[in-house]
Amino acid sequence: MSTQLQRSEIEEDESPQDQRLERKRLDEGEREAQRAEEESTDDETPRAHLKVFRYDPEVEGKREPRFDDFHVPAPKGTTVLDALMYARDEFDSSLTFRHSCRQAVCGSDALFINGSQRLGCQTQIEDLESPVRVEPLPHQEVEKDLVVDMEHFYEQMRAVEPYFQGETPDEEEQLQSRENREKIKMSTRCIWCGACQSSCNIAAGDNQYLGPAAISKAYRFAMDEREGEDIKEHRMNILEQEHGVWRCQTQFSCTEVCPKDIPLTEHIQEMKREAVKDNLKFW
């Protein structure tokens, strides 16, 4: 209202040229006040301090691993992935990490955050101590910055033949009981993020160990009542190998870091029990 009054007085008392100059001055003042208000709001926005692992074998000056610091806006609801994307978009476009769905479904943004394997899109900045230390998954070869080579993990997953192999023809309906579905339900949630494998000390020391994700995936199919005994026996032969279920030392680290709350250790122990039953002989 005050601006309108000032402009009325200008129109009555000043020449057209003076009026235009005064209007311009007032408009600039309004814009400046708006900018000041925005800056004041920005100053009140919480900021996160990220310490991000950096490494680039293709750039001579970046072949030595280091940590870079980023200070990014972090209002309530900001995830680690949000903060990384802001750092990349606003500060350093060479910052490299994987991400896709941003809804804890694809599993591509598994990272080592403040000393624990987590999904970047699932981890809230406000729940972490500062500075937020972001590193690539341990026990895997780093390709660049936060990106690790996942091929060995995928090989272990493929080794257990992670697909349904029913005994009836494809065109026939295969029914599953509600009880059996409940039994294997949690194991179907695996998103192949590799967090459990990265947390496993046995996998770190034994490169041939199938690992918790692969064994849990085998559990999902071996315990499915729609697969026949011959196929289950085939799966159990895979799991009973030297680097299979018996390498697990029940440390529960895989269960603790699983972003989908899959009881991985429990599944591995059940596969051990199944292996024992298969090898029991009665005379």
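Against the conditions (1) in contact with a Cys (Cβ under 7 Å, 6 or more places away or on another chain); (2) on the phi > 0 side of the Ramachandran plot; (3) open to solvent by 20 Å² or more (accessible area, probe 1.4 Å), residue 192 satisfies every one except (1). Of all residues in the stretch 100-114, those being open to solvent by 60 Å² or more (accessible area, probe 1.4 Å) and at positive phi number 1.
Please specify each residue of the stretch 57-81 satisfying the condition of being farther than 15 Å from residue 145 by Cβ and either part of a strand (DSSP E or B) or in contact (Cβ under 8 Å) with a residue 24 or more places away in the chain (or both). Those that are farther than 15 Å from residue 145 by Cβ and either part of a strand (DSSP E or B) or in contact (Cβ under 8 Å) with a residue 24 or more places away in the chain (or both): 71, 72, 73, 74, 75, 76, 77, 78, 79.
Against the list (1) closer than 24 Å to residue 54 by Cα; (2) open to solvent by less than 30 Å² (accessible area, probe 1.4 Å), the condition residue 160 fails is (1).
Against the list (1) modelled with pLDDT of 95 or more; (2) surrounded by fewer than 18 Cβ atoms within 10 Å (Cβ to Cβ), the condition residue 174 fails is (1).
Restricting 201, 237 to those that are in contact (Cβ under 8 Å) with a residue 12 or more places away in the chain and surrounded by fewer than 16 Cβ atoms within 10 Å (Cβ to Cβ) reduces the list to 201. Take residue 232 and decide whether it is free of Cβ contacts under 8 Å to residues at least 12 places away in the same chain and surrounded by 13 or more Cβ atoms within 10 Å (Cβ to Cβ). Considered against the rule, which asks whether it is free of Cβ contacts under 8 Å to residues at least 12 places away in the same chain and surrounded by 13 or more Cβ atoms within 10 Å (Cβ to Cβ), residue 232 comes out as yes.
Of the residues in the stretch 251-274, not one is at negative phi, open to solvent by 70 Å² or more (accessible area, probe 1.4 Å), touching a residue at least 40 places away in the same chain (Cβ under 8 Å) and in contact with a helix residue (DSSP H, G or I) (Cβ under 6 Å, 6 or more places away or on another chain).
Of the helices (runs of 4 or more DSSP H) lying entirely inside the stretch 194-275, those containing at least 3 residues that are more than 26 Å from residue 98 (Cβ to Cβ) are 212-222, 229-239. Within the stretch 159-181, identify whether any single residue is closer than 24 Å to residue 110 by Cα, in a helix (DSSP H, G or I) and under 27 Å from the mean Cα position of the chain (by Cα), and answer yes or no. Yes, because at least one residue in the stretch 159-181 is closer than 24 Å to residue 110 by Cα, in a helix (DSSP H, G or I) and under 27 Å from the mean Cα position of the chain (by Cα). May I ask you to verify whether residue 222 is open to solvent by less than 10 Å² (accessible area, probe 1.4 Å) and within 20 Å of residue 261 (Cβ to Cβ)? No, not satisfied. Here the condition is being out of contact with any Pro (no Cβ under 8 Å at 6 or more places or on another chain), acidic (Asp, Glu) and buried (at least 17 other Cβ atoms within 10 Å of the Cβ); of 129, 90, 135, 155, it holds for 135 alone.
The values are calculated or read from the model by the stated rules, or taken from the named source; none is laboratory data. Fair warning: this is a prediction, and the values are worked out from it, not measured in the lab. Reconstructed Cβ throughout: ideal geometry from the backbone, glycine too, with neighbour counts over all protein chains shown. Please note that ligands, DNA and RNA were not included when accessible areas were found on the heavy atoms of the full protein model with its side chains. Shrake-Rupley method; radii C 1.70, N 1.55, O 1.52, S 1.80 Å.
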